[in-house]
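The values are calculated or read from the model by the stated rules, or taken from the named source; none is laboratory data. Here the structure is a predicted model, which is why all the values come from computation and not from measurement. Note: ideal-geometry Cβ built from the backbone for every residue, glycine included; neighbour counts use all protein chains shown. Quick note on the areas: whole protein, heavy atoms, side chains included, nothing else; ligands and nucleic acids left out. Shrake-Rupley method; radii C 1.70, N 1.55, O 1.52, S 1.80 Å.
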Amino acid sequence: MSLFEMSDRAKKYRADLLEFMDSHIYPAEAVYHEQMRASGDPHFHPPILEELKAEARRRGLWNLFHPHPEWGPGLTNLEYAPLAEIMGRSHIASEACNCNAPDTGNMEVLTLFGSDEHKEKYLKPLLDGTMASAFAMTEPRVASSDATNIELRMERDGDEYVLNGRKWFASNAMHKNCKVLIVMGKTDPTAAPHRQQSMMVVPIDAPGVTVLRNLPVFGYADREGHAEIIFEDVRVPAKDLLKGEGEGFAISQARLGPGRIHHCMRAIGAAERALELMCRRAQSRVTFGSPVAERSNIQDWIAEARIDIEMIRLLTLKAAYLMDTVGNKEARTEIAAIKVAAPNIALKIVDRAIQVHGGAGVTDDFPLAMMYAGLRTLRLADGPDEVHKRAIAKQELRQYRDAATAAVS
Ligand SMILES: Cc1cc2nc3c(=O)[nH]c(=O)nc-3n(C[C@H](O)[C@H](O)[C@H](O)COP(=O)(O)OP(=O)(O)OC[C@H]3O[C@@H](n4cnc5c(N)ncnc54)[C@H](O)[C@@H]3O)c2cc1C
């Protein structure tokens, strides 16, 4: 498929999804907030979400992310990109279509590396949207952007591993349907640095697992939560090891490629919505005799937003195209580049949209403040900007290393 032309099935999904957003998702946003407020529980699971899920499923707008035809519609990354972007326009759309992180990444891991038992017990209910899951890699005691630092111990004892350690920022662990964790830990501290880590499937209610607290993000207690979790002598059957001992890094690379680009696609959707809100607001507010939209600095922001969105969309599509054609590994530089560019640019646009809204921009009457908090965390989640830039710079410098050595000698 060309980079510039959508396939027929992507066009059909896009049209259906746009219709679903207009007829169901946007009107449900206020209902969602009202149900959350009335519950008094930040981790409440509002009934409107289940209604939306049923409707999305009925319309075939379900598990659109899943690349394996056995388990989903089997869209390519390039076909999925415009759909994820549309879902990114509303914070409830991805979950309504069963396309929300971190469940999507965990479903891909279970598809690729899970046993038949894992597929039956966890993958199927996750694909059905009746179960949620979390991914636990980051630890409070070590700098986790370098995953070789991970300390949670997984010690073999007969047919089991015994887990001891502490994780935090396990997103989704406070979700009412969260039943399972994919945990990264150290099985062999004496192995080569990238072979020490393994991943295991751990039920969240296993004896010794304690969900200690939720971590608020800029004061927001996100519904799905970001949990700090303690593991004390947690016994996990050896058969729940994914892929094999020492394969933790390889699995996280497989998991994070698609996960990262999906975040970027949704960030573009958020930026589009912020631009739309900025234009509407600027035209409706009058100061000193003329609409705010007629001021040249505001027009400058609007024009820059359009230019920036087009640029990050093209880079996202290029990364998606490379993932489809030469694989995630070969596309790693483009994935890293868009993982830096998309959240930063979307943040700038949301920030300007907030400014154009005046005080209203920072309230909950508009989705902008929540978007800002969500996008700001994206500069950290799935790897901070600096770590991705490091990878890009290393790749760039590699091209000239031999020439530099030759020049010196
Ligand atoms: C909202 C949210 C959700 C998250 N969800 C999950 C989740 O579901 N599961 C999970 O396991 N983790 C999750 N995380 C954690 C996230 O992946 C980590 O915060 C991130 O990888 C950074 O690790 P750290 O916090 O330990 O920072 P550190 O490793 O301590 O790094 C701190 C800072 O040092 C700087 N830095 C690091 N390396 C370099 C370098 N080479 N050059 C220059 N500067 C550098 C960066 O600015 C970085 O932000 C989430 C985080 C947030 C905020």
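For LYS53, the aspartates and glutamates whose Cα falls under 19 Å of its own Cα, not counting residues fewer than eight places away in the same chain, are ASP16, GLU19, ASP22, GLU29, GLU34, GLU85, GLU95, ASP103, ASP128, GLU224. For the chain, carbon and sulfur atoms together expose 54% of the accessible surface, with a 1.4 angstrom probe and every protein chain in place. Summarised as an ellipsoid, the range 250-408 has semi-axes of 36, 17, 13 Å, derived from the eigenvalues of the Cα gyration tensor scaled by 5 and square-rooted, with the largest first. Once the 1.4 Å probe is applied to the protein heavy atoms, the range 8-114 comes out at 39 Å² accessible per residue. Under the combined filter of DSSP loop state and at most 16 neighbouring Cβ atoms within 10 Å, the range 187-276 retains these trypsin sites (Lys or Arg not before Pro): LYS243. Applying 1/(1 + (r/R0)^6) with R0 = 22 Å to the Cβ-Cβ distance of ALA191 and LEU380 gives a FRET efficiency near 0.20.
In Å², what does the accessible area per residue of the range 125-282 work out to with a 1.4 Å probe? Could you put the intermediate results ahead of the total?
Details: 6040 Å² over 158 residues.
Per residue, the range 125-282 has 38 Å² of solvent-accessible surface.
Under the simplified labelling scheme, the GLU29-LYS11 pair shows an inter-label distance of 2.9 nm, with each label point 7 Å from Cα along Cα→Cβ.
Secondary-structure-derived ellipticity at 222 nm for the chain, considering helices only, amounts to -16000 deg cm²/dmol, per-run term -39500 (n - 2.57) for DSSP H runs with n ≥ 4.
The distance between label points at TYR220 and ASN297 comes to 2.7 nm (points 7 Å beyond Cα on the Cα→Cβ vector). Taken over the Cα atoms of the range 8-114, the convex hull encloses 99 Å³ per residue. The length gained on full extension between ILE230 and GLN355, counted as 0.36 nm times the residue separation minus their Cα-Cα distance, comes to 40.9 nm. Filter the cross-link list LYS179/LYS239; LYS11/LYS329; LYS124/LYS318; LYS124/LYS176; LYS329/LYS394; LYS186/LYS239 down to pairs whose alpha-carbon distance in this structure exceeds 20 Å. Violating the 20 Å Cα-Cα cut-off are LYS11/LYS329; LYS124/LYS318. Computed from the alpha carbon atoms alone, the convex hull of the range 300-354 holds 55 Å³ per residue.
Pop out the Kirkwood hydrodynamic radius of the chain from its pairwise C-alpha distances, inverse of mean 1/r, in Å to one decimal. Before the final figure, lay out each step's value.
Numbers: mean 1/r = 0.0446 Å⁻¹.
It is 22.4 Å.
Contact order for the range 250-408, expressed relative to its length and based on alpha carbon pairs under 8 Å spaced 6+ residues apart, stands at 27 percent.
Backbone geometry of the range 240-249 corresponds, through the Karplus equation with coefficients 6.51, -1.76 and 1.60 at θ = phi - 60°, to 3J(HN,Hα) couplings of 8, 6, 8, 6, x, 5, x, 9, x, 5 Hz, x marking Gly and Pro.
Among 140-150, 381-391, the peptide with the highest mean count of other Cβ atoms within 10 Å heads the list, and the full ranking is 381-391, 140-150.
Sorted largest first by accessible area at a 1.4 angstrom probe radius, with every protein chain in place, the residues ARG280, ARG285 fall in the order ARG280, ARG285. Taking chymotrypsin sites (Phe, Trp or Tyr not before Pro) across the range 38-104, none is in a DSSP loop with at most 12 further Cβ atoms lying within 10 angstrom of its Cβ.
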